[in-house]
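Below you'll find the structure, written out as structure tokens, and then a few comments.
What follows is calculated from the coordinates using simple rules that are stated; it is not laboratory data. None of the values given here were measured: they were computed from a predicted structure. All Cβ positions, even for glycine, are placed from backbone atoms using ideal geometry, and neighbour counts span all protein chains on display.
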Amino acid sequence: MKKRLLTGLQPSGELTIGNYCGGIKQVVNYQDEYETFLFVPDMHSITVPQDPETLHRRVREIVGMYLACGVSGTKNHIYIQSEIPEHANLSWILECNAYMGEMSRMTQFKAKSEGKKEIGCGLFTYPILMTADILLYNADVVPTGADQKQHVELARNLAQRFNKKYGEIFVVPEPLIPKLGAKIRDLLDPTKKMSKSAENPKASIFLNDPEKVVRKKIMGAVTDSGEGVVYDEENKPGVSNLLTIYASFSNKTIPEAEKHFEGARYGDLKKEVAEVLVEFLTGLQDRFAQVMSSGIVDETLDRGRDEARAIASVTYDKARRAVGLGRV
Ligand code: TYM
């Protein structure tokens with residue numbers, strides 16, 4: 001039997017090339033090796049205010065992007081979190097087994113709540129819902145970017161704690177962080193990660209950005225003082241980020257990319273980064289348009305929902321019985 005891989009991308013904004021490198025690309029690379037679960041965590045997105053119509057649209061578009069990126073809709077289980085009620089049900093059981101202390105240490109919660117007067121409880125407990133997402137399907141590996149590693153560690157801890165208390169119910173998942181592209185950085189402030197929800201859209205390359213916009217954003221990216229296109233995260237975070245993007249989208253290693261740019265100037269680097277991105281994104285956008293006009297998204301989601309629910313309900317039932325809920 002194949003091992004299981006599971007991941008999801010929130011529909012809380014337009015997807016960026018960071019989301020592609022940390023999430024989707026890994027699924028594309030591993031989908032033949034693992035039984036793959038790729039879902040849309042829409043319940044995570046309402047931890048911060050969302051416009052309902054936009055959220056509905058993005059849920060379908062994210063699936064369109066998965067398919068356009070080369071994720072197979074027939075080989076894999078592709079589904080929407082909110083269509084499987086077991087996610088919320090298991091999350092509650094896990095919440096009752098998680099500690100305030102460990103939740104308070106989640107760096108993403110600290111960052112997202114900083115300076116806010118009213119912080120929704122969902123923002124605080126969201127990593128537990130993420131744990132439920134993973135444990136329901138007994139996932140062996142969870143590919144994500146570096147920013148989600150702490151949440152996968154929490155899922156490991158909660159699975160181990162639960163198994164110790166109630167018997168072996170859950171598989172303890174492993175994070176799968178890519179060697180290259182685990183943290184694509186903000187183009188204007190390379191100390192931060194590139195984000196779907198960046199205040200300034202010039203800081204991120206979105207998968208649906210038109211060619212002209214991509215070129216403009218890359219040419220406007222912050223570089224560093226000095227010269228020489230070399231990878232040095234500490235002293236040249238801007239150049240290192242552009243090299244990472246170049247390597248990721250031209251399927252090269254960082255040393256190969258450095259060699260390619262030997263003697264080049266920052267301007268040459270930017271031009272080539274823009275070129276590889278435009279080539280990738282225009283192909284992707286063409287496939288996306290075809291997918292969205294084909295009806296395949298709903299077919300995929302209907303099938304995925306039924307397959308996923310059949311698996312999730314078995315695991316949830318075990319957990320429910322183990323803690324004593326309902327009738328035996
Ligand atoms: P989200 O929606 O913020 O991000 C989706 C995926 O993209 C990765 N990522 C990045 N990778 C490289 N560079 C970046 N700048 C960058 N920004 C984001 C993320 O690490 C992630 O892999 N909580 C998750 C969604 C989720 C999930 C899950 C993931 C919900 N349940 C269960 C895995 C398993 C999130 O907010 O990801």
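Structure data summary
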| read-out | value |
| --- | --- |
| Ranking of H260, H87 by count of other Cβ atoms within 10 Å, fewest first | H260, H87 |
| Unsatisfied cross-links (Cα-Cα over 30 Å) in the set K110/K212; K183/K212; K25/K110 | K110/K212 |
| Most to least packed among 128-136, 34-42 [average Cβ atoms within 10 Å] | 128-136, 34-42 |
| ³J(HN,Hα) computed for each position of the stretch 305-321 - Karplus, 6.51 cos²θ - 1.76 cosθ + 1.60, integer Hz, glycine/proline x | 4, 5, 5, 5, 4, 4, 6, 4, 5, 5, 5, 4, 4, 4, 5, 4, 5 |
| Long-range amide H partners of R185 with built H, under 5 Å | M194 |
| The stretch 43-87: projected area of the alpha-carbon convex hull, averaged over directions, in nm² | 3.8 |
| Equivalent ellipsoid dimensions for the stretch 151-259 as semi-axes, Å, which come from the Cα gyration tensor, largest first | 36, 17, 13 |
| Binned Cα-Cα distance frequencies in the stretch 104-166 - 5 Å width, integer % | 4, 16, 26, 23, 16, 10, 4, 1 |
| Bins of 20 Å from zero: percent of alpha-carbon pairs in the chain | 31, 56, 13, 0 |
| Rounded to whole Hz, the Karplus (6.51, -1.76, 1.60) HN-Hα couplings of the stretch 180-195, x for glycine and proline | 10, x, 6, 8, 6, 9, 4, 5, 9, 9, x, 7, 9, 7, 5, 9 |
| Dipole in debye (nearest 20) - the stretch 124-259, about Cα centre, beta carbon charges: Lys, Arg +1; Asp, Glu -1 | 260 |
| Residue order, fewest to most surrounding Cβ atoms within 10 angstrom, among S248, S195, S113, S294 | S294, S113, S195, S248 |
| 222 nm mean residue ellipticity, helices alone, for the chain (DSSP H n ≥ 4; -39,500 (n - 2.57); rounded to 500) | -16000 deg cm²/dmol |
| Pairwise Cα inverse-distance average, inverted: Kirkwood Rh of the stretch 201-289 (Å) | 13.3 |
